[in-house]
Amino acid sequence: MLDTSLKDQLKALFAELKSEYTFDIFVSENHESRNELIELLEDVASTSAKVNNRVNNGDALAFDILKDGVNTGVKFRGIPNGHEFTSLLLAILNSDGKGKNIPDEFIMNRVKALKGPIRLTTYVSLTCTNCPDVVQALNIMAISNPEITHEMVDGALYQEEVDALKLQGVPAVFADGKLLHVGRGEFGELLTKLEEKYGTNENQGGPVVKNYDVIVVGGGPAGSAAAIYSARKGLNVALLAERIGGQVKETVGIENLISVPKTTGEELANNLRLHIKDYSIDIFEHRSVENVESTGIEKIVSVTGGEKFIAPALIIATGASWRRLNVDGESQYIGKGVAFCPHCDGPFYKGKHVAVVGGGNSGIEAAIDLSGICSKVTVFEFLDELKADKVLQEKARSISNIEIHVSSQTTEVVGNGEKVTGIRVKDRNTEEERLVELDGIFVQIGLAANSSVFKEVVEVNRFGEIQVDAHCRTNVPGIYAAGDVTTVPYKQIIIAMGEGAKSALSAFEDRIRGCLN
């Protein structure tokens, strides 16, 4: 199953394993995928003397990972192919204390402080690009805290369970049988949800205070550029982010980053991380900002868990998130027919009728992608014409199962209590409303600035974007903002990078002029 080249890579990857690992397999003799699972795990085990298999008769298709004969708390129910193959490899490496995805000590102490027992189950699709991040994060938690177990379930192999749970979105995380999370999720976000649900045994000491010359909040193109440019000036820089790469990681193809003809969001995010690490920048990933204060020269940023970061200069580069429709029924049916990622959730709608709300590039790209899976795709655009690039419009109009309606305002998401059954749309020219029966709705109406935690400190416009001048300065001396979170026009990666660099240069200029002292 694994080719020679990949096996050679695994041999190098597992060369330094310290402990013995066992894939404890439980599978029915008659299961149609039995041989496929065993062959995959045998191939992986063949690359290291420290990894072996044990096959047991069972009534499902699953395996646990044991470390020196003791269960790590990590279980796979399914065949971890596709994007989840990396999750399998990292589960072994993480159990051995290795892997660049392991958070820093502060975050890990929060994990170890979670009160248990906690039984986590994540339903995934092997084509989902967001699922591995969630699976890998929860695996680390299970490995690190003996009170936690985590099971990955391939929804395609356990369709009856998926149907019984009425799932229409992945990843879907259940905690002791109760839905905890649906969709893309960061380590810090998932950890916070578990802390809120189960509580912690944390030591009630004082906050951890750290001082810097510059604090950058946000790890996307703007934040990365701001941190790098600040570090190049010899400044002591802290980069706080939920994840390096930010919203970019959700972009499948990037073809307009000048000098880079073609790349992906994942590749770009990895390159941002590599570039950041070329400098003495302190990266604090999986951080969620709870409060920001400006007390004269000092800017104080407080994050979940009790850390405080203090500096005379603060650069806000928190980007933007998917904008919601904010109509009746939308929140109720997220994960049950309302989705935001066609790449992750599209397979749930094979042969079904779906709507895409939004006629910009992301909306038309989504419609084109979904047209190969769904029986029909109906696009609703609020404006009188599509906003997408002409080449995308021409492609969409050439596909027979895509239907496009402009001047259409979504007024309600309709469902039966369990899942979406339709969408109510108003014709903006005639004011006539109609109900369109369908199975799913993909919302693609652009982005909303991630500025809520900063609104009490700096000035924002009516869209929530932080007001900045031509030098990325806000109305508060010593606080700068860059990228999609600001009023700068055109939310593009290349523009965000430039704005991030500009914000760092402005902060440095103010420093040498004595404005930050």
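The values are calculated or read from the model by the stated rules, or taken from the named source; none is laboratory data. Worth saying up front: this structure is predicted, and the values here are computed from it rather than measured. Note: ideal-geometry Cβ built from the backbone for every residue, glycine included; neighbour counts use all protein chains shown. Note: areas computed on protein heavy atoms with side chains; ligands, DNA, RNA excluded. Shrake-Rupley method; radii C 1.70, N 1.55, O 1.52, S 1.80 Å.
What share of Cα pairs, in percent, lie more than 16 angstrom apart in region 427-517? Don't skip to the end; give the middle numbers.
On the way: 2581 of 4095 pairs.
Result for the distance tail: 63 percent.
What list of ³J(HN,Hα) values in whole Hz, one per residue of region 20-30 in order, does the Karplus curve 6.51 cos²θ - 1.76 cosθ + 1.60 (θ = phi - 60°) give from phi, with Gly and Pro shown as x?
9, 10, 10, 8, 8, 8, 10, 8, 5, 4, 9
Using amide H atoms built in the peptide plane, which far-off residues or other-chain residues are under 5 Å from VAL51 H to H?
Under 5 Å from the amide H of VAL51 lie the amide H atoms of TYR21, each far enough along the sequence or on another chain.
Less than 15 Å Cβ to Cβ from ASP369, Lys/Arg counted +1 and Asp/Glu -1: what total charge do the surrounding residues give?
Details: positive: LYS350, LYS352, LYS376, LYS395; negative: GLU250, ASP345, GLU365.
Summing Lys/Arg as +1 and Asp/Glu as -1 gives +1.
Taking R0 as 22 Å, what FRET efficiency do you get between ASP163 and GLU266 from their Cβ-Cβ distance, rounded to the nearest 0.05?
Working: r = 31 Å, r/R0 = 1.41.
Result of the calculation: an efficiency of 0.10.
Rounded to the nearest whole Å³, what is the per residue volume of the convex hull around the Cα atoms of the chain?
Working: hull volume 85.9 nm³, N = 517.
In the chain, the Cα convex hull volume per residue is 166 Å³.
Would you list, by chain and number, the aspartates and glutamates whose Cα falls below 18 Å from the Cα of LYS100, excluding same-chain residues fewer than 8 positions away?
Partners within reach: GLU16, GLU84, ASP133, GLU186, GLU242, GLU266, GLU267, ASP278, ASP282, GLU285.
Among the lysines, which fall within straight-line cross-link reach of LYS249, defined as a Cα-Cα distance under 16 Å, with same-chain neighbours fewer than 8 residues apart omitted?
Straight-line reach from LYS249, under 16 Å: LYS262, LYS491.
What's the FRET efficiency of VAL208 with GLU39 using the Cβ-Cβ distance as r and R₀ = 51 Å, to the nearest 0.05?
0.60
Using alpha-carbon pairs under 8 Å, 6+ residues apart, how would you state the relative contact order of the chain in percent? Show your work: numbers first, answer last.
Working: 1140 pairs, mean separation 60.3, N = 517.
This gives 12 percent for the chain.
Within region 365-386, find all residues whose amide N lies under 11 Å from a label point positioned 7 Å from the Cα of VAL327 along Cα-to-beta-carbon.
380-382
For the chain, what does the helix formula give at 222 nm: sum of -39500 (n - 2.57) over DSSP H segments with n ≥ 4, over the residue count, nearest 500 deg cm²/dmol?
-8500 deg cm²/dmol
If contacts are Cα pairs under 8 angstrom and at least 6 residues apart, what is the relative contact order of region 362-517 in percent?
Once normalised by length, the contact order is 13 percent.
At most 13 other Cβ atoms within 10 Å and a DSSP loop assignment: could you name the trypsin sites (Lys or Arg not before Pro) in region 1-66 that fit? Could you put the intermediate results ahead of the total?
Working: sites: LYS7, LYS11, LYS18, ARG34, LYS50, ARG54; in loops: LYS18, LYS50.
Of the trypsin sites (Lys or Arg not before Pro), the ones in loops of region 1-66 whose Cβ has at most 13 other Cβ atoms within 10 Å are LYS18.
Using amide H atoms built 1.01 Å from N in the peptide plane, name the residues 5+ places from GLU412, or on other chains, whose amide H lies under 5 Å from its own.
Here ARG424 satisfy the definition.
With θ set to phi - 60°, apply the Karplus curve 6.51 cos²θ - 1.76 cosθ + 1.60 along region 397-402 and write out the HN-Hα couplings as whole Hz, x wherever there is a Gly or Pro.
5, 8, 9, 5, 9, 9
Which of the GluC sites (Glu not before Pro) found in region 191-299 are loop residues per DSSP with 16 or fewer other Cβ atoms within 10 Å of their Cβ? Kindly include the intermediate steps, with their values, before the conclusion.
Numbers: sites: GLU195, GLU196, GLU202, GLU242, GLU250, GLU255, GLU266, GLU267, GLU285, GLU290, GLU293, GLU298; in loops: GLU202, GLU242, GLU255.
Those that pass, being in a loop and sparsely packed, are GLU202, GLU255.
Using alpha carbon coordinates only, what is the Rg to Rh ratio of region 330-379, with Rh defined as the Kirkwood radius?
Working: Rg = 10.1 Å, Rh = 10.8 Å.
Expressed as Rg/Rh, it is 0.93.
Taking a 24 Å limit on the Cα-Cα distance, which of the listed pairs LYS166/LYS395; LYS98/LYS197; LYS376/LYS426; LYS18/LYS75 fall beyond it?
Beyond 24 Å: LYS166/LYS395; LYS98/LYS197.
Among the lysines, select those whose C-alpha is under 23 Å from the C-alpha of LYS308, and discard any that sit fewer than 8 residues away in the same chain.
Answer for LYS308, where 23 Å is the Cα cut-off: LYS112, LYS193, LYS210, LYS277, LYS299, LYS455, listed by chain and number.
Multiply the residue gap between GLU147 and LEU447 by 0.36 nm, knock off their C-alpha separation, and tell me the result in nm, one decimal place.
Numbers: separation 300, 0.36 × 300 = 108.00 nm, distance 3.82 nm.
Contour length minus Cα-Cα distance gives 104.2 nm.
Can you list residues whose amide H is under 5 Å from ARG323's amide H, if they're 5+ apart or on another chain and H is modeled 1.01 Å from N?
ILE445, GLY446, LEU447, ALA448
How high is the FRET efficiency between LYS11 and TYR490 when r is their beta carbon distance and R₀ equals 45 Å, given to the nearest 0.05? Don't skip to the answer; put the middle values down first.
Numbers: r = 47 Å, r/R0 = 1.05.
Efficiency computed from Cβ-Cβ geometry: 0.45.
Which part of region 419-436 falls in the paramagnetic zone of ASN401, meaning amide N under 20 Å from the point 7 Å along Cα-to-beta-carbon?
420-423, 436
With all protein chains present, how much of the accessible area of the chain (probe radius 1.4 Å) comes from carbon and sulfur, to the nearest whole percent?
Numbers: 10780 of 22900 Å².
C and S fraction of accessible area: 47 percent.
Sort the following peptides by mean Cβ neighbour count (other Cβ atoms within 10 Å, averaged over residues), highest first: 457-470, 79-92. Kindly include the intermediate steps, with their values, before the conclusion.
Numbers: 457-470: 16.0, 79-92: 20.8.
Per-residue mean Cβ counts within 10 Å order the peptides as 79-92, 457-470.
Averaging sequence separations of C-alpha pairs under 8 Å and six or more residues apart, then dividing by the length of region 209-320, give the relative contact order as a whole percent. List each step's numbers first, then the result.
Numbers: 241 pairs, mean separation 41.2, N = 112.
37 percent.
Can you run phi through the Karplus equation (6.51, -1.76, 1.60; θ = phi - 60°) for region 423-436 and list ³J(HN,Hα) in whole Hz, with x for Gly and Pro?
With coefficients 6.51, -1.76 and 1.60, one gets 9, 9, 10, 10, 6, 6, 8, 9, 6, 7, 9, 9, 9, 9 Hz.
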